[in-house]
1. Under the condition of being over 22 Å from the mean Cα position of the chain (by Cα) and within 8 Å of another protein chain (Cβ to nearest Cβ), which residue from the range A:81-101 is surrounded by the fewest Cβ atoms within 10 Å (Cβ to Cβ)?
2. Would you please list the contacts, defined by Cβ atoms under 7 Å and residues six or more apart or on different chains, that run from a residue in the range A:545-558 that is part of a helix (DSSP H, G or I) to a residue that is open to solvent by 20 Å² or more (accessible area, probe 1.4 Å)?
3. Determine whether A:Arg249 is open to solvent by 20 Å² or more (accessible area, probe 1.4 Å), touching a residue at least 24 places away in the same chain (Cβ under 8 Å), in a helix (DSSP H, G or I) and within 16 Å of the ligand (Cβ to nearest atom).
4. Could you check the range A:215-233 and list, in sequence order, the residues that are touching a Pro at 6+ places or on another chain (Cβ under 7 Å) and more than 16 Å from the ligand (Cβ to nearest atom)?
5. Show the residue pairs meeting these rules: Cβ distance below 9 Å; 6+ apart or different chains; first residue within the range A:684-699 and at the interface with chain B (Cβ under 8 Å from one of its Cβ atoms); second residue of a type in the set (Lys, Arg) and within 11 Å of the ligand (Cβ to nearest atom).
6. In the range A:132-146, is there at least one residue being outside any strand (DSSP E or B) and touching a Cys at 6+ places or on another chain (Cβ under 8 Å)?
7. Can you name every residue in the range A:225-241 that is more than 10 Å from chain B (Cβ to nearest Cβ) and either open to solvent by 20 Å² or more (accessible area, probe 1.4 Å) or within 20 Å of the chain's Cα centre (by Cα) (or both)?
8. Hey, among the residues in the range A:49-64 that are surrounded by 24 or more Cβ atoms within 10 Å (Cβ to Cβ) and out of contact with any Lys or Arg (no Cβ under 9 Å at 6 or more places or on another chain), which one's farthest from the other protein chains (Cβ to nearest Cβ)?
Amino acid sequence: MGLSRREFIKRTAALTAASYVGIDLPFSNEQEAHASDADSWHKGTCRLCGSGCRLELGVKNGKAVALRGITKSRTNMGYLCMKGMLFYKLMGNNHPERLKKPLYRARKDQPFKEISWDEALDIAAKEFAKAVKQYGNDSVAYYGSGQALTEETYIFQKVMRGGLKTNNVEGNPRLCMASAVGGYITSFGADEPIGSYTNFERASCFFIIGSNTAEAHPVLFRRIMRRKLDNKDTVKVINADPRVSPTSRIADLHLQFNPGTDLALLNAMAYVIVEENLYDEDFLKNYAVFRMGKEKKQVDFAKYKSFVKDYSPEKAARICGGNITPEKIRQAARWFAKSEGTMSIWTMGINQRKRGVWANNLIHNLHILTGQLCKPGADSFSLTGQPNACGGVREGGGLCHILPAHRLVKKDKLRHEVERLWGIPEGRIPPKPGYHTVAMFEAVNQGKIKAIWINCTSPAQSLPNCDKYRKGMRREDVFMVVTDIFPTKTTELANLILPTAFIFEKTGVYGCTERRSQLTAKAVDAPGEAKPEVWIVREWALRLAKELNDPVIKKCVEPFLGKEPDYELPKAIWDEYTQKLTKGRDNDLRGATYDVLKKLPDGVQWPAPTKEWALKGGTDIKFVRGLDPLADKHAKNDLPYQFYGPAHPDKKLWIWLRPQKGPAEMPDSEYPFYLSTGRVIDHWHTASMTGRIKELMRANPYAYVEINPKDAEKLGIKPGDMVEVVSRRGRNVLPAKIYVGPCEGMVFVYWHDQAEDRMINRVTKDAFDPGSKEPEFKICACRIKKVSGPRPLKPFLVQMKA
Amino acid sequence: MPVGGFVINVDPDRIEESIKKLTSFRGVEIHGSDEKGNVIAVFESSNSHEMEEMVKEIMKIETVLSVGLTYFNAEDEVEGNANQG
Ligand code: SF4
């Protein structure tokens, strides 16, 4: 007799789990004559976080009903976290709050009315054309997202630059990884990490700084944890952070420094490496030079040595405060330098800083000094927060100063190359970069931007000091289009809301942290009239061409005319981008066609210039001859590593002399606390998605302020008390969580909550890094005060008013 | 009634003790383990909220280091439209 269907599903669950770790179970399901657990399975990528976990969606009767990880995927080996397990609840008709119809209002103080797509696209085209005619091309802007598919970012920026003749193309990756981009380019001459996740299984020392990997990248953390547990005595984990987090659990050494003193700590580690002769002399001789200042002046090793002399562990320990002792710094430096392979990992704690690029440089310095690069387990690896910040925005040309495939706007040759590849007249793309994110919303405030398109992101909540920028977005003379799947703090300020398809409801590519492009094809229908963005942009561009009587705008979308929007259209866009634009560039993706991507369980890591190379998975480690086809192609000598990155004409790695610099705003007598912000495991960014999954919302229904027990005692604050957090910019009132997380003198608030009283970006500061223009979300000054005892609180999400 | 397949990582020095604790949860079946501390578990709950709660509770066990989901089936929940926000 066969099994019941329920038993069958339970066995499937057990067998799937067991297959991950190679455990044999005493039963199999092969003999069972049951209908399988789904009608069909569809490969794709998780919609949340930058890990890029691969999974298969089980569809039954047209509905998403089951999920399983893909064990052969080199990103996640099949594992998923709870967010990855539950996001199917937002798909198709599974969620009642999905946006399903275009909505419009002429004035922002009016209610929205449902309109047809024809009307909506006409309005969007007319308003953008009107702004261009009256105020010039730079009066319009696009603000996109590291969650948009690569095809979407690519076509948006093509129409903006080639069609509307403006470089006002930005996106939220400016808020999260611009400093990492700046760091990679200035240190290694090329953007994005050298190695891959495979180093998690090969590293002997992990240096985790400014990253709560356990909560922000749980599935990657699992790999680090496994490596540590399987090699308890030989693998060392150093965690450096002003806050103790779940990531610290596996650390052998926790370095808790005061916010903003990280540059001193990193320079002090370099001091120890130099003082104790732990550097790799051959590596330095063959591959590195030392540089300083704006002019990038080259200096010698002696000069560098005298520079780090100023950061003795004793002095740095005094600057860093917290639990830092000179001995801890020495220990960390020794483990770092002496291990067989050291892997550094960081995210926003390093990037979202006034000197984020410098902090990135100083981590890279340690790797260059010790030769901890390009060999197994050795890597300087920035983790990405969003699923397609790397693939779509960094590579696809989604920021104001970059064109597709790592080309700088300001380089005439590269700009003209793009114009030629697009078949549009030379000079069509302006030579000047557009507004970076903070400048863009400042321009909105000043009424310089008259029409803005915001796609798949919610700046009204995610910009630092957001009240200041919401004022501009509220202006009646600024026309705002928002494309999204749910109502957000930003749709509240829009004139036109266009409902879009979600992942698995459309087709396209995400490129995750490790240079890996992965395809997700459509598996279920989008709800109501929601449409894929690529269709929206194409149709809008055709109307714009008419309104402005400009055939070049039409030319930008001509290769895509007549294509069916669910698969053929994104495929044609991907083909143009990869075959034409990435050809010969360092992110050469010509081998990664849709057909190749479909064949692989995970995807392809660039460089992947040919199909043969792509079918092997692409390039695991860049710059190594024999492992990276471009290292062979560009080889200048017989050395095993070839640093051919486009930004360093000398083809060397650059060690930078960068001094300690504090944050833009330091605590003082009026605002005596540091305020830092971050995430919890259950939510993601502005919670417009995770907040709508009731399991995740119930687990974390509202934000709180974490206060160190010693500070709480001094101020008479008890768990659950309502506490006001006030800065020079704004105020929140949040329940207190008394917790040995933040160091003394620092409070921490997570930034997902949409309730006005608990939206922490009303309090944060909009100072930004002068190099990367990334804002300093991680540090500002605040004061805290108990305002009442515990109060009952309700979760809050923006709803669409009927 | 969702069903989830999990690999639970427990402290390799305290496997027996961890499995004992895990089996005391209602709706948790243990199907196997190895010397590295990988434990194969199937969770069954009346809805996916309860499943999330189970994961949270299990994470609280001192010897449990991580709970990794590998398979999830919620067909009757989706059919029954259990996703009201
Ligand atoms: S770790 Fe990130 S990509 Fe992986 S399942 Fe969780 S949210 Fe998705």
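1. Per the criteria, the residue is A:Pro96.
2. What qualifies is A:Ala545/A:Pro551; A:Ala545/A:Lys554; A:Glu547/A:Lys126; A:Val552/A:Pro425; A:Val552/A:Arg428; A:Lys554/A:Leu542; A:Lys555/A:Gly423; A:Val557/A:Leu542.
3. Values: open to solvent by 20 Å² or more (accessible area, probe 1.4 Å): yes; touching a residue at least 24 places away in the same chain (Cβ under 8 Å): yes; in a helix (DSSP H, G or I): yes; within 16 Å of the ligand (Cβ to nearest atom): no.
When the stated conditions are applied, A:Arg249 does not pass them.
4. We begin by selecting, within the range A:215-233, every residue touching a Pro at 6+ places or on another chain (Cβ under 7 Å); these are A:215, A:229.
Answer for the range A:215-233, where residues must be touching a Pro at 6+ places or on another chain (Cβ under 7 Å) and more than 16 Å from the ligand (Cβ to nearest atom): just A:Leu229.
5. A:Leu696/A:Lys83
6. The answer is yes; a qualifying residue exists.
7. A:Arg227, A:Asn231, A:Asp233, A:Thr234, A:Lys236, A:Asp241
8. Going residue by residue through the range A:49-64, those that are surrounded by 24 or more Cβ atoms within 10 Å (Cβ to Cβ) are A:49-55, A:58, A:64.
Within this subset, residues satisfying the condition of being out of contact with any Lys or Arg (no Cβ under 9 Å at 6 or more places or on another chain) are A:50-51, A:53.
Details: A:Gly50: 18, A:Ser51: 13, A:Cys53: 10 Å.
Looking at the filtered set, the residue picked out is A:Gly50.
The values are calculated or read from the model by the stated rules, or taken from the named source; none is laboratory data. Bear in mind the structure is a predicted one, so any value in this text is a computation, not a measurement. Here Cβ is always computed from backbone atoms with ideal geometry, including for glycine, and neighbour counts include all displayed protein chains. The accessibility values were calculated without ligands, DNA or RNA, using every heavy atom of the protein model including side chains. Shrake-Rupley method; radii C 1.70, N 1.55, O 1.52, S 1.80 Å.
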